[in-house]
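Worksheet: one structure, shown below.
The values are calculated or read from the model by the stated rules, or taken from the named source; none is laboratory data. Because the structure is predicted, anything quoted here is derived from the model rather than measured. Note that each Cβ is placed from the backbone with ideal geometry, even for glycine, and that neighbours are counted across all protein chains shown. The protein model used for the area step is the full one, side chains on, heavy atoms only, and it has no ligands, DNA or RNA in it. Shrake-Rupley method; radii C 1.70, N 1.55, O 1.52, S 1.80 Å.
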Amino acid sequence: MSRSDRRQFNSGSLEEVNQLVLGREAYERGAWEDAYRFLSRAGEVAPLAVDDLERLAMSAYLAGRDEEYLRALEQTHHAYLDAGKGHRAARCAFWLGLRLAFRGEMAQADGWFGRAHRLLEREPHDCAEQGYLMLPHVEQHLASGDLEAASAAARGAAEIGERFGDADLVTCARHLQGRVLLRQRRTTEGFALLDEAMVSVTAGELSPLVTGLIYCSVIEACQQVHALGRAREWTSALGRWCAEQPQLISFSGTCLMHRAEIKRLSGAWQDAIDEAQQAVERLTQSNNRKDAAGAWYQLAEVHRLRGDFDAAEQAYRSASQYGFEPQPGLALLRLAERHIDAAAAAIRRVMGATTDRLKRIRLLPAHVEIMLAADDIEQARRACHELADIAESYGTEALRALAAHARGAVELADGEAQAAAFWLRRAIEAWQQVDAPYETARVRIMMGQACRALGDNDSAALELQAARTVFRQLGATPDVSRVDFMLDMRSEEACGLSARELQVLRLVATGKTNKEIANELHLSGKTVDRHVSNIFNKLDVPTRAAATAWAYEHRLI
């Protein structure tokens with residue numbers, strides 16, 4: 001009989017035995033909170049064996065008990081040291097370092113990684129733990145942009161995992177190889193490795209912790225390059241995995257955050273709000289600040305699109321407080337509030353500070369939109385070209401839609417209605433393929449403007465009415481108002497005036513000076529002067545009084 005078995009038959013050990021049995025049973029069926037509670041009670045009666053300490057730590061993590069996870073894992077680390085199992089102690093040190101790194105506590109994380117390396121230096125034989133300690137180096141090389149070094153480290157970790165038959169390590173390393181390939185714009189190869197990693201995940205071949213980590217990392221990689229089909233597919237699979245474990249907290253919050261983004265893109269905005277709010281609660285409970293910030297950002301995005309600007313502002317601020325850059329959403333909120341100078345300053349600042357190509361993807365469409373609103377067509381065109389280059393590199397349908405959308409918007413602003421119509425049609429078709437109704441409707445507004453400029457009034461009305469129907473169904477109040485204004489203005493009455501020129505004309509007709517108009521619309525004086533000059537030319541009128549008379553005659557006031 002082992003020492004631990006004899007201990008369980010000592011006086012007062014019956015309660016411990018019962019709690020251990022209940023804890024192990026709960027662990028096997030994935031009832032993580034129950035497992036943590038029972039194993040904790042058993043540990044209060046007598047010290048737990050190292051295997052049960054590992055179960056206690058894992059249960060704490062999956063139940064969203066972050067501090068308890070770190071304490072239990074540190075206990076496990078010391079138990080392995082006492083047992084003379086240096087490689088197992090090093091593995092615990094690795095997981096401690098990784099969790100602390102995820103929390104942003106890098107000094108402590110580096111300390112645990114350093115301890116793990118030192119322990120392995122004393123080991124007489126190679127072991128799988130050497131491969132685990134290569135994984136942080138992959139992430140560091142990725143962050144610094146040294147993709148060749150990242151690829152080599154990931155490849156080395158995978159080889160060690162295969163040699164020791166460690167499925168967790170192999171899958172972690174392979175999926176990191178896939179992420180490196182995506183950064184190298186080798187999209188087909190990158191997705192092939194990510195999909196291969198997900199086969200191990202969905203087949204149940206991995207530990208619960210690694211299963212959740214791979215799910216989240218792969219979904220994030222898909223979203224970075226706008227591979228929306230894959231992101232939806234893996235998010236649904238993650239949702240099913242979480243649903244099978246009602247007491248799972250740690251990854252269920254991240255799943256809800258990803259689901260909120262997917263719901264927003266798919267047009268289920270109330271569902272997106274509900275799931276983002278649940279995500280905030282769960283992620284805050286599990287001390288996952290990074291994903292909690294992401295959930296706040298998703299909540300802000302839906303509020304902004306619905307026209308609830310105060311709620312959006314607060315949610316963007318909450319995301320920022322958790323360390324998340326609330327752009328481009330906050331800049332787009334300022335644009336919606338007609339604070340164009342503030343929007344332009346914000347997007348220029350963040351674009352100037354962002355060099356990572358994947359991170360620039362999420363900024364470029366907003367940069368184009370805001371620069372056009374600020375009448376800076378040249379900057380908008382440069383951003384448009386960069387977005388087109390990225391779309392060509394990665395080849396995902398949503399990126400192609402974004403690039404075509406941006407190109408159409410720039411051509412329309414530059415007075416090239418025929419070219420705009422070509423690109424906007426491509427954007428509409430691409431957005432429809434990825435089931436993004438709001439984005440489709442936004443492009444249809446521009447298509448309506450292009451049709452009007454080309455004299456195709458019937459098509460313009462159809463495009464605008466179709467867009468309005470979608471906006472009304474979604475609850476996109478600002479967009480409904482915008483389309484209502486455009487539908488009220490018949491093309492033959494507009495005489496080719498742009499939406500901004502019509503806005504300026506209305507203010508001219510109320511008697512405002514160019515300076516007053518510039519202040520109200522947050523434009524430069526030179527920009528307003530140019531708009532007024534364009535209005536006079538298009539209407540063929542010589543004075544402000546004549547332009548005002550034309551506006552009254554055509555019921556613009």
Reported to the nearest 10 Å², Leu53 has, with a 1.4 Å probe, an accessible area equal to 10 Å²
Nearest-20 debye value, the range 308-396 charge dipole, Cβ charges on Lys, Arg, Asp, Glu = 260 debye
Across the chain, qualifying lysine pairs (alpha carbons under 19 Å, at least 8 places apart or different chains) come out at 4
If Lys and Arg each add +1 and Asp and Glu each add -1, what is the summed charge of the other residues whose beta carbon sits under 11 Å from the beta carbon of Gly64?
-> -3
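Mind ranking Phe324, Phe38 by accessible surface for me, highest first, 1.4 Å probe?
Ranking Phe324, Phe38 by accessible area, largest first, yields Phe324, Phe38.
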Among Arg122, Arg348, Arg472, what's the order by accessible area (1.4 angstrom probe), most exposed first?
-> Arg122, Arg472, Arg348
Does the range 66-161 come out rounded, prolate or oblate, given a ≥ b ≥ c as the square roots of the eigenvalues of its C-alpha gyration tensor, rounded meaning a/c under 1.5 and, failing that, prolate meaning a/b above b/c?
-> oblate
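Keeping every protein chain present and rolling a 1.4 Å probe, give me the accessible area per residue for the chain in Å². Walk me through the numbers before you get to the answer.
On the way: 24590 Å² over 557 residues.
Averaged over the residues of the chain, the accessible area is 44 Å².
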Expected field for Lys515, accessible surface area in Å² at 1.4 Å probe radius, rounded to 10, holds 150 Å²
Here the Cα Rg-to-2.2 N^0.38 Å ratio for the chain is 1.18
Value of [θ]222 nm, deg cm²/dmol, for the chain, DSSP H segments ≥ 4, -39500 (n - 2.57) each, nearest 500 = -25500 deg cm²/dmol
For the range 269-342 and the range 39-88, what is the separation of their C-alpha centers, rounded to whole Å?
-> 37 Å
Relative contact order (percent, whole number), the chain, Cα cutoff 8 Å, 6+ residue spacing | 8 percent
When the accessible area of the chain is computed with all protein chains present and a 1.4 Å probe, what percentage of it is carbon and sulfur?
-> 48 percent
Mind jotting down the distance between the C-alpha centroids of the range 515-557 and the range 181-250, whole Å?
-> 54 Å
Rounded if a/c is under 1.5, else prolate if a/b beats b/c, else oblate: with a ≥ b ≥ c from the C-alpha gyration tensor eigenvalues square-rooted, which is the range 229-281?
-> oblate
Rounded, prolate or oblate (a/c below 1.5 giving rounded, otherwise prolate when a/b exceeds b/c) for the range 329-454 by Cα gyration tensor = oblate
Please check which bits of the range 518-557 a label hung off Thr510 would reach, taking the label as a point 7 Å along Cα-to-C-beta and the cut-off as backbone N under 13 Å.
-> 518-522, 557
Might you work out the accessible area of Tyr61 for me, using a 1.4 Å probe with all protein chains in place, and round it to the nearest 10 Å²?
-> 30 Å²
Order the following by accessible area, largest value first: Val368, Val480. Probe radius 1.4 Å; ligands, DNA and RNA are ignored.
-> Val480, Val368
Counting only C-alpha contacts under 8 Å and six or more residues apart, can you give the relative contact order of the range 241-397 as a whole percent?
-> 13 percent
